[in-house]
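What follows is a single structure, written as structure tokens, with notes after it.
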Amino acid sequence: MDKLKMQSIDMIEKNIDKIGALFPNVITETKGEDGKLKKGINFEKLKQELSDDVNDVEESYDFTWVGKKASIVDANMPIRKTLRPCIEESKDWETTENLYIEGDNLDVLKLLQESYLNSIKMIYIDPPYNRGTDLLTYSDKFIMEKDEYDDEISYKDENNNLLFKQNNKANPRFHSDWCSMITSRLKLALNLLTNDGIIFVSIDDNEIKNLKNICDEIFGEDKLAGIIHRRKNRKPHNAGNTMSLSYEFILVYYKANTFKLAQEFSEMYHDEKGNYAIYPVLKADKKERTYLFKSGLRCDIQQLPAGIYRTGKNDNLNIEILDDGIVYNGILQNEIRIKGRFCLTDENGKLSEAMCNDNIYINANGFPKEKRYRKEEDYKIDNHHWDIEKGKNEDGDEEIKQIFGLSGENYL
């Protein structure tokens, strides 16, 4: 029987190896707690590698809080724990490909480092929003006592007078503890992502500034794909001191390889040629042009029955039919000229190409429309504004009820 490893990867050792690969001259030997020599970093030499004049450097652009260094150490420290399967509480243990893990998420992230390092394509994190009422548990040996904390941030002057009035929300410790909590977890999450992996982190107004700064440091400022604005409820709640807050945010970062966030086409149709979406050929803000539409074009047979359609102008729709059109069996029988503000033009041959491919049809208003046929790999790039059609909080509640067969309001 194979023996279980009872200790996760020593991330400090891994990081020392990475630095040594870049700067071999900074590697040194230090004594550990047990008195034995181990590999370490000469930080003075490392400073010299990263600065042209260390001694004169007094200021730099920086984002910090009390406990930041400790949170980084916390992420790198190994733990003597392991995962234990609960087969009797599991369903289809032998065949399922799903895995549910219950426990402290920091410990779990550390335990996943060896088996899932650089292996996860997508991670979603929904941390506490730090509204002052969340049950935020972040207690470890690195948290400072309050007097020590106040001294480090110059909370008191030399005469021991408070520099500003204390209260829960304004107290910097309120944000520092949260920043330390999320930093250690995001650092470990980064290690799990594949090179083409992405991470989504939900947050609200309270910590979005700090969360973005932390993510910029961990993933890289240039790896920010965007910040999604998600509307969380259909009707704004009559709450809040200054305004009703109806949106939350999702920060999206990628590890190495950029990506495109795709969305489903809102309307998809099907005919003998396959699946297609409908796009306008005219647009009100474009230059006015006149184009010849050849016989044989398809028409909307349900709204354009057989007959002769006289010339005319529709000022509201910014379109004018310059020739009588004859429609029979859903097909335009003669050439007609249409004057309008075209967005699909023949300056690059796109309109003629679409007509030749039988991808242009005329609707009931005399509007030409384009059919764009879609392959399975086609996609439309999503934007960062997610309205209620993307799903609201109430939808999530209902889905949970349906999945687990729950009823009533107080089911969690």
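The values are calculated or read from the model by the stated rules, or taken from the named source; none is laboratory data. These figures come from a predicted structure and were not determined experimentally. With ideal geometry, Cβ positions are generated from the backbone for all residues, glycine too; neighbour counts draw on all protein chains shown. Areas reflect the complete protein model, heavy atoms only, side chains present, ligands, DNA and RNA absent. Shrake-Rupley method; radii C 1.70, N 1.55, O 1.52, S 1.80 Å.
Odds and ends about this structure:
- Per-residue SASA entry for C179, accessible area with 1.4 Å probe, Å² rounded to 10: 0 Å²
- Estimated FRET transfer efficiency (F63, L245; beta-carbon r; R0 30 Å; 0.05): 0.75
- Packing-based ranking, highest mean first, of 62-70, 87-95, 195-203 given that Cβ atoms within 10 Å are counted: 195-203, 62-70, 87-95
- Ordering of 12-24, 215-227 by burial proxy (mean other Cβ atoms within 10 Å per residue, highest first): 215-227, 12-24
- Flagged links, alpha-carbon separation over 24 Å, of K45/K223; K45/K110; K121/K232; K68/K232; K91/K255; K14/K69: K45/K223; K45/K110; K121/K232; K68/K232; K91/K255
- Residue order by solvent-accessible surface for H385, H270 is H270, H385, largest first, with ligands and nucleic acids left out and a 1.4 Å probe.
- In terms of packing, defined here as the mean over residues of other Cβ atoms within 10 angstrom, the peptides 112-119, 78-85 line up highest first as 112-119, 78-85.
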